[in-house]
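Below is one structure; the comments refer to it alone.
Taken together, the values in this text are just the output of simple stated rules run on the coordinates, not laboratory data. Values in this document were obtained by computation on a predicted structure and should not be read as measured data. Note that we place each Cβ from the backbone using ideal geometry, even for glycine, and neighbour counts take in every protein chain shown.
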Ligand SMILES: Nc1nc2c(c(=O)[nH]1)N[C@H]1C(S)=C(S)[C@@H](COP(=O)(O)O)O[C@H]1N2
Ligand SMILES: [Mo]
């Protein structure tokens with residue numbers, strides 16, 4: 001058989017869909033141009049929100065080197081900032097899946113084309129396409145796995161998704177620079193389509209090109225409306241049919257909002273959190289103090305209305321937290337006025353989220369609390385009783401539950 005035998009996918013004649021052509025591909029490509037750029041930006045922002053610049057504890061991407069050039073001090077305003085950026089990142093990523101798949105389908109004949117390279121330029125182009133397609137599939141797959149399966153991929157999600165994003169986006173930019181002019185022309189022009197994507201012996205159409213685009217758009221819309229509720233929270237959470245389920249049921253009442261990891265999962269024993277056993281150990285410039293929950297409750301208590309916003313894209317509406325300001329705890333151990341960074345450790349013994357570092361600007365914010373109550377009640381065991389961190393605009397992962405120790409300064 002010759003490579004142009006129409007029984008082989010390397011032959012243009014093998015691909016019969018009359019939908020394929022520059023116009024279909026270009027419309028999808030232009031949607032992805034906007035969508036993936038936004039995904040990349042919100043993804044970089046998400047990484048910055050972990051404050052990896054601060055301390056190796058939050059930095060899940062060792063040796064990020066020059067890729068970390070853009071990191072900045074994550075602000076605490078507006079308090080819903082991470083809800084917005086991460087809700088956008090995850091919802092948009094999921095919504096774009098049908099567009100991505102349709103785009104790949106529309107160019108699939110070119111992926112099989114032989115010979116693999118006609119010239120050096122052609123070889124380079126195909127290598128960049130390999131990075132583009134492979135990188136794209138990799139980023140979407142790792143992202144969805146992290147959201148849906150609480151991560152099962154070999155290796156840590158952060159370095160994989162972070163490095164993958166740079167590889168993918170570099171190939172994406174190169175591709176866009178080459179193709180955008182053609183894509184814009186293809187969308188604008190009327191008349192007969194031509195070019196490599198057009199089948200030389202098309203089948204009779206079963207759906208118009210416009211109908212196919214509506215189908216892709218409809219699939220995206222369906223994913224959008226069955227996902228976005230998890231980021232909006234409240235009553236709309238129930239519309240998030242595609243959001244991960246099967247987690248702990250938070251029940252109703254003041255503590256009835258999503259639970260990420262339960263106390264049982266984290267290995268928190270009720271004996272360790274009782275009034276007898278539990279002490280908060282606070283260390284700073286002037287030494288160490290140990291505080292019982294009763295002593296903490298005698299300190300000035302403050303309230304903040306703040307959400308939990310997880311990297312997985314879900315978030316809660318604002319909850320009403322009450323507790324001791326982090327900056328007051330800093331002052332207790334000799335850091336008056338200008339509090340430093342703090343290293344937070346949980347009672348939890350295993351798992352990456354048992355400790356986190358907060359930046360000085362987060363400690364200084366008067367809304368940042370070591371929360372003891374939520375919505376007028378004691379924290380439930382699953383929400384971090386006897387005490388948890390809550391910080392405005394920060395990713396959920398920095399809101400450490402079952403706090404046992406705070407170390408100010410000297411990270
Ligand atoms: N000790 C400890 N704190 C933790 C976690 C954890 O696994 N262990 N999970 C974090 C993550 S990823 C999120 S999103 C929030 C969720 O808080 P919630 O379960 O009260 O909603 O808690 C954070 N605090
Ligand atoms: Mo999270």
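The table below gives the values:
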item	result
Residue exposure sequence - 373, 265, 47 - by fewest surrounding Cβ within 10 Å	265, 373, 47
Highest-first arrangement of 385-391, 74-80, where packing means the average Cβ count within 10 Å	385-391, 74-80
Per-residue Cβ neighbour rank within 10 angstrom, fewest leading, 345, 276	276, 345
Sorted by Cβ neighbour density within 10 Å, fewest at the top, the residues 173, 282	173, 282
Mean separation of Cα contacts under 8 Å, 6 or more apart, over the residue count of the chain: relative contact order %	20 percent
GNM top mover of 360, 275, 331 - the chain, alpha-carbon springs below 10 Å	275
Potential extension, residue 73-residue 320 segment - 0.36 nm per residue separation minus Cα distance	86.3 nm
Between the stretch 136-150 and the stretch 45-81, the alpha-carbon center distance in angstrom	21 Å
Gaussian network model of the chain, springs between alpha carbon atoms under 10 Å - residue of 90, 342, 281 with greatest fluctuation	281
Sum of -39500 (n - 2.57) over DSSP H runs of 4+, divided by residues of the chain (222 nm, nearest 500)	-13000 deg cm²/dmol
Cα→Cβ-extended label distance, 7 Å offset, between residue 201 and residue 221, nm	3.8 nm
Helix 157-188 vs. the chain, principal-axis angle (Cα, 0 to 90°, nearest 10)	40 degrees
Separation of the residue 209 and residue 301 label points, Cα + 7 Å toward Cβ, nm	6.6 nm
Segment residue 185-residue 269, extension gain: residue separation times 0.36 nm, minus the distance between their alpha carbons	23.8 nm
Two-decimal log10 I(q)/I(0) for the chain, as the Debye equation yields it once each C-alpha is a single scatterer, q = 0.09, 0.12, 0.13 Å⁻¹	-0.64, -0.96, -1.07
Among 147, 180, 167, residue whose mean-square fluctuation peaks in a GNM of the chain (springs only between Cα atoms under 10 Å)	180
Helix axis angle, 97-112 relative to the chain longest principal axis, alpha carbon, degrees	40 degrees
Nitroxide proxy distance, nm - points 7 Å out along Cα→Cβ at residue 248 and residue 38	3.4 nm
